[in-house]
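Undergrad: Pasting a structure below so you can have a look.
The values are calculated or read from the model by the stated rules, or taken from the named source; none is laboratory data. Treat the numbers as computed from the prediction; the structure is a model and nothing was measured. All Cβ positions, even for glycine, are placed from backbone atoms using ideal geometry, and neighbour counts span all protein chains on display.
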Amino acid sequence: MSYTVTIRDSKTGKEIECPVIEGTYGAPVIDTKQLYNELGMFTFDPGFMTTAACKSAITYLDGEQGILLHRGYPIEQLAENSNYLEVCYLLLYGELPTKAQFQDFRDDLNKRNLVHEHLERFYTGYRYDAHPMSILIGITGALSSYYHEALDINDPEDRELTAKRVIAKMPILAAHCYKHAMGHPFVYSRDDLGYVENFLNMMFSLPNRPYIPNRTAVRALDLLLILHADHEQNASTSTVRLSGSAEANPFACIAAGIVTLWGRAHGGANEAVLRMLGEIEDPKNIPTFIKRAKDKDDPFRLMGFGHRVYKNYDPRAKIIRKVCHDLLEEVDTVDQPLFDIAMQLEDIALKDEYFIERKLYPNVDFYSGIILKALGIPTAMYTVMFALARSAGWISQWLEMMEDPDFRIGRPRQLYIGKQTRDYVPMSRRKRR
Ligand code: CMC
């Protein structure tokens, strides 16, 4: 059923009928495209809290109900039955692959899992202690110089090839950020290993010591990548779309997404969880920190608890919790006191009235921070891991935008609140303000 919403300008009495568009799920949207032509007005929505910036068929999330779907498949089912590479395929092509399609996809990625030797030299320009996210931004941006003149973003085959290159090369770039910090030699990709095993091998194998992956560790990381692969139109994804809408080089667009993800308000929460656990230091200090978290006059919050969108529970946190617990049972590390603090915090938050009343459940970042720590991945690399997973979502959203017949350059409007027109005053006549 088609219907409209009437918008009336009470100053002039003029009215327009705006069509309402209904998607598969979620709030219907008011099509305001004619608003400026008809009423000479824009809409004002800082932070795009009620603005749908695009149509998308990739991911749906409902924060109230705790639902997350990729191409219609519930995240719980993907987490249980699928793997990250298959989810990449699903995000890119819209359907789950047959066995043959999956094999072809893997073979194709393997053909692209090297980077130009010259690219490796870019890393040496960074200090040994440079933040890996700053390195990843630079190196991903540098990829654009290898795929620019010959890349025609208007050609569907070139776009598909770009998507495969992104998925094949991001693990290499990410692992080499770590190797640079450690001062270890870079490790090449291996076609005989699965996506996650290969990544762990590039991270942790050494010329004198091969890396033998642990099955629980591989599964935990695979799950973590699945859970972070896409999350609809968040800040970094919107950045990729906006840069892409200017027909910028897609590798540079991914670099722009990484820039946004690095923001503390976006991808930095799992890092903050580990910093907080370090600050708590000893389980005996937990009551003090819980007291501080409840104190209105204290800005301290329990990192990894609560979510802006998921108000009942974060479906991703539910899935990852079990794997986190399994992994902690298997690993035997010097970080055990930190994990004890984490498990006690989780227990308190699930039982304490303050947290229950406010629906402050442990979120996906709480568990992912702990998992990454248990895997031996340093805290500074956490957002890099997030970027690695999310690059599949970013490039799928870029592809979708490029194929959209309504595609045009993004150009938000503004409400100008500056000075009215005034005349230029020569410097000799200006008064100090
Ligand atoms: N610790 C203690 N109290 C909290 C916390 C917390 N982590 N989060 C919210 N509250 C309290 C808050 O003080 C308020 O209490 P009251 O009603 O008495 O005033 C109530 O809960 C509601 O809080 P809110 O600020 O209205 O909630 P919000 O939706 O604006 O904030 C949040 C959501 C994620 C920013 C916040 O919960 C928070 O700061 N959490 C810690 C940081 C964190 O883990 N962030 C990662 C989120 S997941 C990111 C992703 O999915 O990519």
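Undergrad: Does the range 248-262 contain any residue that is exposed (fewer than 13 other Cβ atoms within 10 Å of the Cβ) and either touching a Lys or Arg at 6+ places or on another chain (Cβ under 8 Å) or not polar (S, T, N, Q) (or both)?
TA: Checked the range 248-262: no residue is exposed (fewer than 13 other Cβ atoms within 10 Å of the Cβ) and either touching a Lys or Arg at 6+ places or on another chain (Cβ under 8 Å) or not polar (S, T, N, Q) (or both).
Undergrad: On the given criteria, is residue 265 within 12 Å of the ligand (Cβ to nearest atom), surrounded by 17 or more Cβ atoms within 10 Å (Cβ to Cβ), under 16 Å from the mean Cα position of the chain (by Cα) and within 19 Å of residue 366 (Cβ to Cβ)?
TA: no
Undergrad: Looking at residue 323 and the list (1) modelled with pLDDT of 90 or more; (2) part of a helix (DSSP H, G or I), which single condition is not satisfied?
TA: Result: residue 323 passes all but (1).
Undergrad: Scanning for something under 26 Å from the mean Cα position of the chain (by Cα), part of a helix (DSSP H, G or I), within 18 Å of residue 278 (Cα to Cα) and within 13 Å of the ligand (Cβ to nearest atom), does the range 350-366 turn up at least one residue?
TA: The answer is yes, given that some residue of the range 350-366 is under 26 Å from the mean Cα position of the chain (by Cα), part of a helix (DSSP H, G or I), within 18 Å of residue 278 (Cα to Cα) and within 13 Å of the ligand (Cβ to nearest atom).
Undergrad: Let me ask something additional. Condition test on residue 1, is it over 19 Å from the mean Cα position of the chain (by Cα), among the hydrophobic types (A, V, I, L, M, F, W, C), assigned to a loop (DSSP other than H, G, I, E, B) and modelled with pLDDT of 95 or more?
TA: For residue 1, the condition - over 19 Å from the mean Cα position of the chain (by Cα), among the hydrophobic types (A, V, I, L, M, F, W, C), assigned to a loop (DSSP other than H, G, I, E, B) and modelled with pLDDT of 95 or more - is not met.
Undergrad: Follow-up question, since we're still on this one. Regarding the range 47-61, can at least one residue be identified that is within 19 Å of the chain's Cα centre (by Cα), on the phi > 0 side of the Ramachandran plot and loosely packed, with under 12 Cβ neighbours inside 10 Å?
TA: yes
Undergrad: Out of everything in the range 210-230 that is in a loop (DSSP other than H, G, I, E, B) and modelled with pLDDT under 95, what residue ends up being farthest from the ligand (Cβ to nearest atom)?
TA: It comes out as 210.
Undergrad: What are the residue pairs meeting all of these: first residue in the range 64-84, first residue in contact (Cβ under 8 Å) with a residue 12 or more places away in the chain and in a helix (DSSP H, G or I), second residue surrounded by fewer than 19 Cβ atoms within 10 Å (Cβ to Cβ) and among the basic types (Lys, Arg), Cβ atoms under 7 Å, and 6 or more apart or on different chains?
TA: none
Undergrad: I'd like to verify a number: residues in the range 295-341 that are surrounded by 13 or more Cβ atoms within 10 Å (Cβ to Cβ), within 16 Å of the ligand (Cβ to nearest atom) and farther than 22 Å from residue 74 by Cα, how many?
TA: Going through the range 295-341 one residue at a time, the tally reaches 7.
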